[in-house]
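**Q** Can you read through this structure? Questions will come right after.
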Amino acid sequence: MAKGRKNGLYSEISEELSALMRTGWADTERHDLQLDEQAPYAAHRRAALSARFPGERLVIPSGNLKVRSNDDSYPFRPYTGYVHMTGDQARDCALVLEPRTDGGHDAYCYQLPRDGRDDNEFWTGVTAELWMGRRRSLAESGLVLGLPCRDVRTAADDLAADSAVPTRIVRGIDPILEAAVTTDEERDEELEEALSDLRLVKDDWEIAELRKAVDSTVRGFTDVMGELSVAIASSERWIEGTFFRRARLEGNSVGYGSICAAGDHATIMHWTDNDGPVRPGDLLLLDAGVETHTLYTADVTRTLPISGTFTPLQRKVYDAVYEAQEAGMAAVRPGVAYRDFHEASQRHLAATLVEWGFIEGPAERAYELGLQRRFTMAGTGHMLGLDVHDCAQARNEEYVDGVLEPGMVLTVEPGLYFQPDDLTVPEEWRGIGVRIEDDLVVTEDGHENLSAGLPRSADDIEAWMGRVAG
Ligand code: GLY
Ligand code: MN
Ligand code: MN
């Protein structure tokens with residue numbers, strides 16, 4: 001007699017039920033699957049990684065489900081480096097690059113196979129397909145990914161048994177695989193850095209995905225405009241739900257928690273409670289991005305007058321941020337320092353804040369001392385891709401201290417935030433927050449603004465709202 005689940009209503013599984021469950025199933029193996037269109041790009045990315053680590057075994061896990069409670073899990077998010085190197089999104093997997101004597105690597109992928117029907121796992125196990133949905137078989141994954149695939153249930157033993165090969169693993173993703181290998185923490189960090197470095201310049205396929213993400217995001221912002229009157233009668237949650245519907249319909253999800261910040265919530269950089277009122281006369285700062293089915297995300301912000309028209313003071317702040325964004329975007333082109341666009345925007349905002357009398361001048365001194373940061377809070381942008389803050393582990397010299405190259409995709413997102421309790425500014429300024437954020441790809445001779453489909457200037461915002469706001 002096999003044992004049933006704890007607290008299940010059925011405490012036991014009879015031999016007869018067990019036998020009944022194991023019989024009468026069709027062969028559903030698929031032989032028609034095609035190589036995924038991303039596979040050649042992923043192979044190219046693996047070749048670049050291989051060249052950095054000759055003679056070493058590299059283990060890049062995808063990660064496991066995280067239990068929320070009992071048999072309920074948080075939504076699974078595969079490790080970004082795994083997705084980039086394989087194009088795959090499955091859990092409990094690991095890409096292995098096995099060194100060859102000629103200096104290159106052979107790549108293979110450990111995957112969780114389909115459940116057999118010769119025991120009860122397929123309907124009682126924690127990864128049971130009957131409950132969680134069908135997985136690909138190892139052969140099917142091989143066809144789709146263009147990689148030989150092996151059973152992940154032997155991975156820890158395989159890796160532990162063959163421990164003479166110098167190995168690196170990305171830590172913090174799969175504790176079982178991590179325990180099976182003997183590695184050095186610093187050298188493992190270098191692998192993680194390399195995986196981040198290699199995402200700095202996007203290939204053509206990735207740029208096309210980011211374009212899709214941004215285009216869906218533009219439609220999501222337009223949806224929100226169309227439902228503004230419903231949001232006014234409801235709350236910021238209506239805006240969150242409206243954008244989320246577009247994200248789920250056209251993509252995988254949102255690429256990060258949507259910031260639907262009306263009124264003084266706009267001064268909170270990571271406002272995601274989204275439970276406040278939406279009042280005519282206030283501003284709405286909407287920072288949201290659709291994530292494609294392939295997990296590339298947009299990251300766009302527009303700040304809108306909920307009534308459809310900016311007050312003179314709102315417009316004054318808006319225009320300052322707009323001009324700072326213009327200055328930043330003008331500095332996005334190949335061959336210039338990554339920091340240039342940030343510095344151009346921040347210089348503009350520092351000078352404006354000095355002019356308004358909120359920080360002490362002269363402007364260059366204020367900028368050098370970073371005084372504007374009381375009101376600008378954050379940097380002016382970041383790399384964008386599979387992660388909203390992409391390439392976060394890249395080496396400084398490649399990223400923040402590096403130089404822009406064609407194929408890099410980044411945000412330019414200056415802002416001004418006057419906290420509701422800031423006694424250094426007049427009362428009417430308090431609670432105003434403005435950010436404008438666009439997604440730019442660096443081209444051979446400058447940049448393309450992928451999110452140019454959304455209006456940006458104060459006049460264009462008002463005209464757009466007049467046309468589409470519901
Ligand atoms: N939405 C997060 C950011 O703009 O960086
Ligand atoms: Mn951003
Ligand atoms: Mn954003």
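**Q** Select from Val412, Val67, Pro40 the residue farthest towards the positive end of the dipole of the chain; place +1 on Cβ of Lys and Arg, -1 on Cβ of Asp and Glu, and compute about the Cα centre.
**A** Result: Val67.
**Q** Hey, what do the phi angles of the stretch 160-166 turn into as Karplus ³J(HN,Hα) couplings, whole Hz, using 6.51/-1.76/1.60 and θ = phi - 60°, x for Gly and Pro?
**A** 5, 5, 10, 8, 6, 6, x
**Q** Taking amide H atoms as placed 1.01 Å from N in the peptide plane, list the residues 5 or more away in sequence, or in a different chain, whose amide H sits under 5 Å from that of Val254.
**A** Hits under the 5 Å cutoff: Glu291.
**Q** To continue, here is another question. Are there chymotrypsin sites (Phe, Trp or Tyr not before Pro) in the stretch 1-83 that DSSP puts in a loop and that have at most 10 other Cβ atoms within 10 Å, and which ones?
**A** Tyr10, Trp25
**Q** With charges set only on the Cβ (+1 for Lys and Arg, -1 for Asp and Glu), what does the dipole of the stretch 121-246 come to about its Cα centre, in debye to the nearest 20?
**A** So the magnitude is around 860 debye.
**Q** Right, something else. Given a cut-off of under 8 Å on Cα pairs at least six residues apart, what relative contact order in percent is computed for the stretch 229-388?
**A** 18 percent
**Q** While we're looking at this one, here's another question. Can you sort Thr23, Thr443 by 1.4 Å-probe accessible area, starting with the largest?
**A** The most accessible residue leads, giving Thr23, Thr443.
**Q** Taking Cα atoms of the stretch 52-113, Rg/Rh with Kirkwood Rh, to two decimals?
**A** 1.11
**Q** Moving on to the next point. Apply the Karplus curve 6.51 cos²θ - 1.76 cosθ + 1.60, θ = phi - 60°, to the phi angles in the stretch 439-450 and return the couplings in whole Hz, x for Gly and Pro.
**A** So the Karplus estimates, Gly and Pro as x, are 10, 10, 9, 6, 9, 4, 10, x, 8, 10, 8, 5 Hz.
**Q** If packing is taken as the average number of other Cβ atoms within 10 Å across a peptide's residues, how do 141-148, 399-406 rank, most packed first?
**A** 141-148, 399-406
**Q** In Å², and per residue, what accessible area does the stretch 260-408 have when probed at 1.4 Å with the other protein chains present?
**A** 39 Å²
**Q** Continuing with this model, one more query. Run down the aspartates and glutamates and flag those whose C-alpha is under 13 Å from the C-alpha of Lys66, throwing out any fewer than 8 positions away in its chain.
**A** By straight Cα distance, Lys66 reaches Asp92, Asp174.
**Q** Cα gyration tensor of the stretch 201-349, axes a ≥ b ≥ c as square roots of the eigenvalues: rounded (a/c below 1.5), prolate (a/b > b/c) or oblate?
**A** Judged from the Cα gyration tensor, the stretch 201-349 comes out oblate (a/c at least 1.5, b/c at or above a/b).
**Q** Sort Asp184, Asp319 by heavy-atom solvent-accessible area, probe 1.4 angstrom, most to least.
**A** My answer, sorted largest first, is Asp184, Asp319.
**Q** Could you pull out every one of the aspartates and glutamates with an alpha carbon less than 20 Å from that of Lys6, ignoring same-chain neighbours closer than 8 positions?
**A** List returned: Glu15, Asp71, Asp72, Asp119, Glu121, Glu129.
**Q** Also: Can you tell which of Ser229, Leu147, Gly116 lies farthest toward the positive end of the dipole of the stretch 109-234, using +1 and -1 charges on the Cβ of basic and acidic side chains (Lys, Arg; Asp, Glu)?
**A** Ser229
**Q** Moving on. In Å and whole numbers, how far do the C-alpha atoms of the stretch 1-114 stretch along each principal axis, longest first?
**A** 56, 35, 28
**Q** Through the Karplus equation 6.51 cos²θ - 1.76 cosθ + 1.60, θ set to phi - 60°, convert the phi angles of the stretch 415-429 into ³J(HN,Hα) values in whole Hz; use x for Gly and Pro.
**A** Result, ordered by residue: x, 10, 9, 9, 5, x, 10, 8, 7, 7, 10, x, 3, 5, 7 Hz.
**Q** May I ask you to give the percent of accessible area on the stretch 327-366 that is carbon plus sulfur, with a probe radius of 1.4 Å?
**A** Taking all protein chains in place, the stretch 327-366 shows 50 percent carbon and sulfur surface.
**Q** Another one. For the pair Val67 and Asp445, what calculated FRET efficiency results from E = 1/(1 + (r/R0)^6), where r is the Cβ-Cβ distance and R0 = 56 Å, to the nearest 0.05?
**A** So the FRET efficiency works out to roughly 0.65.
**Q** Let me ask something else. Treating the beta-carbon of each Lys and Arg as +1 and of each Asp and Glu as -1, no other charges, what is the dipole magnitude of the stretch 204-308 about its Cα centre, to the nearest 20 debye?
**A** 280 debye
**Q** Something else: Label points 7 Å out from Cα along the Cβ direction at Arg467 and His293: separation in nm?
**A** Between Arg467 and His293, the simple spin-label model gives 3.0 nm.
**Q** Normalised by the residues of the chain, what does the relative contact order come to in percent, with Cα pairs under 8 Å and at least six apart?
**A** Computed value for the chain: 13 percent relative contact order.
**Q** Over the stretch 368-432, what percent of the accessible surface lies on carbon and sulfur atoms, probe 1.4 Å?
**A** Percent of accessible area from carbon and sulfur atoms in the stretch 368-432: 46.
**Q** Additional query: Listed highest first by mean packing, meaning other Cβ atoms within 10 Å per residue, what order do 360-371, 47-58 come in?
**A** Put in order of decreasing packing, that is 47-58, 360-371.
**Q** Would you mind getting the accessible area per residue of the stretch 51-118, heavy atoms of the protein chains only, 1.4 Å probe, in Å²?
**A** Computed with neighbouring chains in place, this is 42 Å² per residue.
**Q** For the stretch 99-219, with equal point scatterers placed on the C-alpha atoms only and solvent neglected, what are the log10 I(q)/I(0) values from the Debye formula at q = 0.13, 0.15, 0.17 1/Å, to two decimals?
**A** For the requested q values the scattering log ratios are -0.82, -1.02, -1.16.
**Q** Rounded to two decimals, what ratio of Rg to Rh does the stretch 300-419 give with C-alpha atoms and a Kirkwood Rh?
**A** Rg/Rh: 1.00.
**Q** Sort the following peptides by mean Cβ neighbour count (other Cβ atoms within 10 Å, averaged over residues), highest first: 424-433, 288-297.
**A** Ranking, from highest mean packing down: 288-297, 424-433.
**Q** Looking at the square roots a ≥ b ≥ c of the eigenvalues of the Cα gyration tensor of the stretch 367-470, which shape do they give, rounded for a/c under 1.5, prolate if a/b is larger than b/c, or oblate?
**A** Judged from the Cα gyration tensor, the stretch 367-470 comes out oblate (a/c at least 1.5, b/c at or above a/b).
**Q** Same structure, new question: Positive end of the charge dipole of the chain (Lys, Arg +1 and Asp, Glu -1 on Cβ, about the Cα centre): tell me which of Gly257, Val96, Leu200 has its Cα farthest that way.
**A** Gly257
**Q** Which number do you get for Rg(Cα) / (2.2 N^0.38 Å) in the chain?
**A** Cα-based Rg divided by the globular estimate yields 1.13.
**Q** By its C-alpha gyration tensor, with a ≥ b ≥ c as the square roots of the eigenvalues, how is the stretch 144-275 shaped: rounded for a/c under 1.5, else prolate for a/b larger than b/c, else oblate?
**A** It comes out prolate by the Cα gyration axes.
The values are calculated or read from the model by the stated rules, or taken from the named source; none is laboratory data. Since the model is a prediction, treat every value here as computed from it, not as a measurement. Neighbour counts run over all protein chains shown; Cβ positions are idealised from the backbone, glycine included. SASA here: full protein model, heavy atoms, side chains in, ligands and nucleic acids out. Shrake-Rupley method; radii C 1.70, N 1.55, O 1.52, S 1.80 Å.
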